[in-house]
Each structure stands twice: as structure tokens, then as C-alpha cells.
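Some notes on the structure that comes next.
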Amino acid sequence: MSTLEIRDLHVSVQTGSEESKPILRGVDLTVKSGETHAIMGPNGSGKSTLAYSIAGHPKYTVTSGSVLLDGEDVLAMAVDERARAGLFLAMQYPVEVPGVSVSNFLRTAATAIRGEAPKLRTWVKEVKGAMEQLGVDQSFAERNVNEGFSGGEKKRHEILQLELLKPKIAILDETDSGLDIDALKTVSEGVNRARANGDIGTLLITHYTRILRYIRPDFVHVFVGGRIVEEGGSELADELEESGYERFITAAGAVS
Ligand code: ADP
Ligand code: MG
Ligand code: MG
């Protein structure tokens with residue numbers, strides 16, 4: 001049983017060599033094992049900033065508030081420690097890793113997280129099984145990470161990591177953007193498998209409602225202007241699909 005606790009998080013982004021701009025303005029959120037939370041909001045509302053801050057991206061400065069994983073201070077951890085502690089972050093714009101194959105990347109990551117290299121025979125089987133389930137060709141393992149990957153391949157690579165690295169808490173930023181409907185279904189099935197097997201807590205960050213037809217969240221948080229302005233169950237996602245963010249943007253504008 002794990003808990004990610006985000007308390008009154010304020011974050012500024014560095015916009016120039018000496019300038020920064022406040023983006024997150026007091027985010028409170030608790031994600032527990034087995035729960036799926038969706039953060040939904042219009043473009044520019046700060047959703048990716050939340051993900052980058054938790055990941056420890058150097059451009060994002062936490063000015064106040066805290067992020068705890070099972071009581072441990074995530075913000076005090078180095079980036080690789082965050083992964084070892086059980087946090088997984090899939091970014092909206094994943095980076096290319098030239099010269100490193102998917103297969104080596106996954107084994108290195110698994111070694112770092114598990115604290116020892118997985119036994120080669122069982123590992124090869126694990127990877128093969130995960131790739132089969134995800135519907136990716138075995139030759140995918142020999143390609144360089146994210147080099148020339150299509151949108152769908154990038155997302156499948158993320159889900160492959162999710163299945164093999166077995167994090168406690170996964171944060172998936174715009175896992176649905178740029179996916180055709182088949183890729184969306186495959187990726188959703190992967191997330192649902194991880195949910196069913198691993199007792200994982202998931203924070204799904206998205207602008208669109210369509211992925212929520214395949215991954216039903218337990219909680220939906222509407223994100224506008226760097227903070228959560230409304231919370232509910234999956235019915236809130238249905239409402240957003242019907243009527244969009246307008247009502248929330250207007251209400252947030254009225255109070256700020
Ligand atoms: P979302 O993911 O909800 O679309 P973002 O977190 O990407 O929103 O962006 C929130 C705001 O912060 C936007 O106004 C964006 O322009 C600004 N911002 C985010 N990252 C940077 C950056 N690296 N440099 C400059 N501005 C940024
Ligand atoms: Mg955006
Ligand atoms: Mg974003």
C-alpha cells in the first residue's frame with residue numbers, strides 16, 4: 001500500500017536566464033495504490049508542470065508545498081532516487097536516447113530500480129511476454145529509444161516500462177495524445193493490466209476525455225489556472241465530454 005501526497009504545491013517555471021513565472025498555485029492531491037485519478041484541464045493550465053515538478057525537471061522550481069511518497073520527501077530526492085522509490089513518470093514529450101536500444105534501456109532501468117540485474121533468462125521472457133501483450137513486434141527491442149518512434153510507439157514504450165518496472169505510483173502525461181484508436185485501446189489495456197496486476201496508483205493527465213472511455217478513473221480533478229478547481233468521480237469526465245472546460249474556466253476567472 002503506497003500513498004503519494006501532494007500538499008499545497010506552488011511551482012514556478014524558468015522562462016529566461018533570470019526570469020521565472022508562477023504556474024502551480026497550490027495543488028493538493030492524494031493518490032493511493034489501486035486508485036486511478038484523472039487530471040483534466042485546458043491547454044496551458046499547468047498539467048505538465050505538475051508532472052515535471054514531481055519528476056524533478058531543473059526548469060521547474062518548487063517555491064512552497066510538499067510531495068511525499070509513503071512519507072518520504074520526494075522533492076529532496078535526486079531524479080534516479082525518485083524512480084527507485086517507486087515513482088514512474090511518462091512525459092508528454094519523451095526524449096530520444098541515441099545509441100541505447102529499448103532492450104538495454106529497460107534492463108538498465110530494471111536493474112537500477114530493483115537494485116540488482118534481473119536474471120537474463122527470466123528477463124528475456126518477461127520482456128517478450130510484455131511486448132506480445134502490447135502488440136509490438138519483437139524487433140522493437142533492438143531499436144534505439146524514441147529514435148524515429150511514432151506517437152503510438154512512444155506510448156507503447158512507456159507502457160512497456162510500466163509493465164516491467166512495476167512502479168508504486170505512475171504519472172502518465174497525455175498518454176493519449178497523437179494516438180489512433182487502435183493504439184489508444186492497446187495502451188489503455190496496458191494501463192488497465194498494470195492496474196489489475198500491480199496494485200498501482202495511477203495519475204492520468206489529459207486534455208481529452210476519450211481515453212477515459214477505456215480507463216475509467218475513480219476520481220476526476222479539473223485543473224484550471226494552476227490549481228484543482230473541481231473534483232468528482234468518473235461522472236465528472238462525462239460532463240466534461242459533454243460541455244468542455246468553459247464553465248470551469250469562467251468560474252476560475254471570477255475568483256482569481
Ligand atoms: P498543460 O500541460 O496544462 O498544457 P503546461 O504545464 O505545459 O500546461 O504549461 C503551463 C504554463 O506554463 C503555460 O503558460 C506554459 O506556457 C508555461 N510553461 C510551461 N513550461 C514552460 C517552459 N519550459 N518555459 C516557458 N513557459 C513554460
Ligand atoms: Mg499543453
Ligand atoms: Mg501538457
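Before moving on, here are some points about what is shown:
- Exposure proxy order (Cβ contacts within 10 Å, fewest to most) of Ser20, Ser150: Ser150, Ser20
- By the count of other C-beta atoms within 10 Å, a proxy for reagent exposure, Leu120, Leu212 are ordered fewest to most as Leu120, Leu212.
- Placing R0 at 22 angstrom, the Cβ-Cβ distance between Glu81 and Thr108 gives a FRET efficiency of 0.90 after rounding to 0.05.
- When each of the peptides 157-169, 123-135 is scored by how many other beta carbons lie within 10 Å of its residues on average, the order from highest to lowest is 157-169, 123-135.
- Once the Cα atoms are used to define both axes, helix 120-134 deviates from the longest principal axis of the chain by about 50 degrees.
- Degrees, to the nearest 10: 181-198 long Cα axis against longest axis of the chain: 80 degrees
- Likely footprinting exposure, Thr206, Thr186, Thr63, fewest C-beta neighbours within 10 Å first: Thr63, Thr186, Thr206
- Each part gets one Cα centre, and for region 47-74 versus region 192-222 those centres are 20 Å apart.
- Pairs of alpha carbons in region 3-255 whose separation is greater than 22 Å (percent): 54 percent
- Additional length obtainable on full extension of the chain from Ala251 to Thr61, 0.36 nm per residue less Cα span: 65.6 nm
- Within straight-line reach of Lys185, meaning a Cα separation under 29 Å, sit the following lysines at least 8 residues removed in sequence or on another chain: Lys32, Lys47, Lys125, Lys128, Lys154, Lys155, Lys166, Lys168.
Here, each number is a calculation from the coordinates, and none is a lab measurement. Computed from a predicted model, the values in this text were never measured in an experiment. Using ideal geometry, Cβ is built from the backbone for each residue, glycine included, and neighbour counts are taken over all protein chains shown.
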